[in-house]
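A short write-up of the structure that comes next.
The values are calculated or read from the model by the stated rules, or taken from the named source; none is laboratory data. For clarity, every value in this text was computed on a predicted model and none was experimentally measured. Cβ: placed from backbone, ideal geometry, glycine included. Neighbour counts: every protein chain shown. Remember, those area values only see protein heavy atoms, side chains included, never the ligands or the DNA or RNA. Shrake-Rupley method; radii C 1.70, N 1.55, O 1.52, S 1.80 Å.
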Amino acid sequence: MKRPLINIISHTDLDGVVAAAVAWYALYPESAPLQINLLGYGEIDNAILETLQSDRKPLILDLFCQRRETIDLIDSYFEGGCPICFDHHETTLQNWGNRPWLKIDTSCCAAKVYYSWLMSQDLPDSARQRLIILSDIVEVANDRDLWLGQKPESRLWQALITMCGPWSVFCRLVANPSSSLSDGEYEATTEFVHDQEARFAEALEKVKRYGDDLMAIGPELLEFGDVSDFCGLILDRTENPPKVVAVANKKVTGEWAVSLRSRSGLAGKITGMLRDGRKVRGGGHGDAAALYFPPHYSLEQICDSILSAIKLVSEQESPISMTLGDILKGKLKKD
């Protein structure tokens, strides 16, 4: 029987790149050749469709489908055995956590979910030895993705992603899996972080605030990879932070990519509420998520949609002012 070619599909941030590198070390050379795709949320459904149509085997890391049709397709494809999707996003757990082809843990980053699962398997000694040397970079990715702030080098690694792109960092990890940055890498990323602080200062002057609910940053103010650090600055290091920070940028296709960050699970709830799988797509976990709006939307319309979702979430979570028990108690007192 012909062995299907494996397509490793992962995200473009540090977590996704490290997860893809873990997959490479786990599968190469025994399962070579391998296909690698580093994608955004808006591209994953088509990637899965193309993979299955070409009789290739998907391995999905740190990303999840945006369309129900893709879920149904994977359901019909999966015949049991090892999971083919490893994720950590809260919205994925809430909506699809019972799928046998999905391994999910919201307490750590996707790279660590996949790495921990691999290390629990009965692996050949050669594969296990290759994976052991990745343990440090997996912890760096986990620190970065969960905003633990315990490993200062995690911000420098994300800076390396921003500077060089995800593919360059993937190649670096394939060539050298050490989490220790070289002298040149350290010098360049440290300088980048210094320049990043200057961009943050400019962006702070141009943000638009909507009361206590939302702070929005328009396009062309921040670079790819700035989002998490900038939103962390707003949410963790400013007085009276908003409930949600939204960073909006336009892709080359004209589509809006809106990154959402929060500290109480609100970003994921907004995403789950606004995405419809057709006009508005999106995904993520509780405090870090993304929405994709059609090109004809204006930034004001996007902000209005987010504000409406915040209001609806607040209304749903507000305790009812008077319960049936309160009414009965009042009636008994009168009697």
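Got at least one residue in the range 315-327 being modelled with pLDDT of 85 or more and either assigned by the TED database to the domain that holds D105 or farther than 20 Å from D62 by Cα (or both)? Checked against the condition, which is being modelled with pLDDT of 85 or more and either assigned by the TED database to the domain that holds D105 or farther than 20 Å from D62 by Cα (or both), the range 315-327 yields at least one hit. Look at the range 1-28: where a residue is within 21 Å of D136 (Cα to Cα) and of a type in the set (D, E, K, R) and a partner is open to solvent by 10 Å² or more (accessible area, probe 1.4 Å) and part of a helix (DSSP H, G or I), sitting 6+ places away or on another chain with Cβ atoms under 6 Å, you get D15/D145. Restricting the range 115-152 to residues that are in a loop (DSSP other than H, G, I, E, B), under 20 Å from V174 (Cα atoms) and hydrophobic (A, V, I, L, M, F, W, C) leaves a set whose member that is least open to solvent (accessible area, probe 1.4 Å) is L134. Residue count for the range 85-103 under the criterion of being buried (at least 20 other Cβ atoms within 10 Å of the Cβ) and within 19 Å of P4 (Cβ to Cβ): the result is 2.
A single entry from L73, L49, L38 fulfils the requirement of being open to solvent by less than 50 Å² (accessible area, probe 1.4 Å) and not acidic (D, E): L38.
So that you can scan it fast, the table gives a plain yes or no per residue for (1) within 18 Å of the chain's Cα centre (by Cα); (2) not polar (S, T, N, Q):
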position: P4; (1), (2): no, yes
position: A19; (1), (2): yes, yes
position: S31; (1), (2): no, no
position: L34; (1), (2): no, yes
position: N37; (1), (2): yes, no
position: I44; (1), (2): yes, yes
position: K57; (1), (2): no, yes
position: I60; (1), (2): yes, yes
position: L73; (1), (2): no, yes
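If you check W157 against the conditions, is it outside the structural domain of G284 (by the TED database), touching a strand residue (DSSP E or B) at 6+ places or on another chain (Cβ under 9 Å) and in a helix (DSSP H, G or I)?
When the stated conditions are applied, W157 does not pass them.
Restricted to the range 212-265, and to residues there that are within 19 Å of T162 (Cβ to Cβ) and of a type in the set (S, T, N, Q), the residue that is most open to solvent (accessible area, probe 1.4 Å) is N249.
Yes/no matrix, rows are residues, columns are (1) within 27 Å of G286 (Cα to Cα); (2) free of Cβ contacts under 8 Å to residues at least 60 places away in the same chain:
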{"position": "T162", "(1), (2)": "yes, no"}
{"position": "D195", "(1), (2)": "no, yes"}
{"position": "M215", "(1), (2)": "yes, yes"}
{"position": "E220", "(1), (2)": "yes, yes"}
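Of all residues in the range 52-70, exactly one satisfies the criterion of being crowded, with 20+ Cβ neighbours inside 10 Å, at pLDDT 95 or above and over 22 Å from A141 (Cα atoms), namely P58.
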